[in-house]
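Undergrad: Following this message is one structure expressed as structure tokens.
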Amino acid sequence: MTMYTTVDSPLGELLLVGEEATGGVALASLSLPGQKGAAVVRDGWVHAPEAFAGIAAQLREYFEGRRTRFDIVYADGVGTDFQRRVWAALDTVPYGETVSYGQIAERVGAPGSGVRAVGTAIGRNPLLVVRPCHRVIGADGALRGYAGGLERKERLLGLEGALAVR
């Protein structure tokens, strides 16, 4: 059964989508308003805010600057093998730090021409904020691509102390 809820945040209303899992919910998607490729509530989905209470609390703590890591169960079977490898590499980027697309490509064994494929996989990350694709920047230090918009990427990096917010 697919469940969903919305959570207010400094970035706008977040849409959380998940599947029933042992002891709660496995998060399949976290999207932002106006996000490229954002999830859309579908017929048959169950509005279940109580199922997402723990995730919502972690998100509040993160936005309040009191949480640097998420402890969330993710849904299985989302993405290709390559995308899952890239997303797993994203999960290793520490709070308050940034890496380049090239560094992620090296971590997943796809250096050189693989950087473009890595960028595409990062752009398809279904779990914005909690899977930290916002911590990936250009090799020159410039903010590049973020499905939620560069302004939000800048806000997240500012919150984490990874750059000064303008």
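Undergrad: Can you give the FRET efficiency for GLU151 and GLU20, using 1/(1 + (r/R0)^6), R0 = 41 Å, r = Cβ-Cβ distance, to the nearest 0.05? Before the final figure, lay out each step's value.
TA: Details: r = 35 Å, r/R0 = 0.85.
Calculated transfer efficiency: 0.75.
Undergrad: Let me check against my output: what whole-number percent is the relative contact order of the stretch 34-166, with C-alpha pairs under 8 Å and at least 6 apart? List each step's numbers first, then the result.
TA: Numbers: 115 pairs, mean separation 33.2, N = 133.
RCO, the stretch 34-166: 25 percent.
Undergrad: Dividing the convex hull volume of the Cα atoms of the chain by its residue count, what figure in Å³ per residue is obtained? Can you show the working numbers first?
TA: On the way: hull volume 18.1 nm³, N = 166.
About 109 Å³ per residue, rounded to a whole number.
Undergrad: May I have the extent of the alpha carbons of the stretch 124-166 along their three principal axes, as whole Å values ordered from largest to smallest?
TA: Projected onto its principal axes, the Cα set of the stretch 124-166 covers 26, 21, 14 Å.
Undergrad: Give a residue-ordered list of calculated ³J(HN,Hα) values for the stretch 103-115 (Karplus: 6.51 cos²θ - 1.76 cosθ + 1.60, θ = phi - 60°; whole Hz; x for Gly, Pro).
TA: Whole-Hz 3J(HN,Hα) from phi for the stretch 103-115: 5, 5, 4, 4, 5, 9, x, 9, x, x, 5, x, 4.
Undergrad: Which value, to two decimals, describes the C-alpha radius of gyration of the stretch 12-95 once divided by 2.2 N^0.38 Å?
TA: Taking the Cα Rg and dividing by 2.2 N^0.38 Å, one obtains 1.14.
Undergrad: Output the 0 to 90 degree angle, nearest 10, between the alpha-carbon long axis of helix 150-159 and the longest principal axis computed from the alpha carbons of the chain.
TA: So the helix axis and the longest Cα principal axis differ by about 90 degrees.
Undergrad: Quick one: if you stick a label point 7 Å off each Cα along the C-beta vector at ASP8 and ASP76, how many nm between them?
TA: Here the answer is 3.8 nm between the modelled labels.
Undergrad: Sticking with this one: In Å², what does the accessible area per residue of the chain work out to with a 1.4 Å probe? Mind showing how you got there, number by number?
TA: Details: 8500 Å² over 166 residues.
Here the residues of the chain average 51 Å² of exposed surface.
Undergrad: Accessible area of the stretch 1-118 with a 1.4 Å probe: how many percent of it is carbon plus sulfur? Write down the numbers at each step before the final one.
TA: On the way: 3100 of 6460 Å².
Carbon plus sulfur share of accessible area: 48 percent.
The values are calculated or read from the model by the stated rules, or taken from the named source; none is laboratory data. It should be emphasised that the depicted structure is a prediction, and the values quoted were computed from it without experimental measurement. Positions of Cβ are backbone-derived with ideal geometry, glycine not excepted, and every protein chain shown enters the neighbour counts. The protein model used for the area step is the full one, side chains on, heavy atoms only, and it has no ligands, DNA or RNA in it. Shrake-Rupley method; radii C 1.70, N 1.55, O 1.52, S 1.80 Å.
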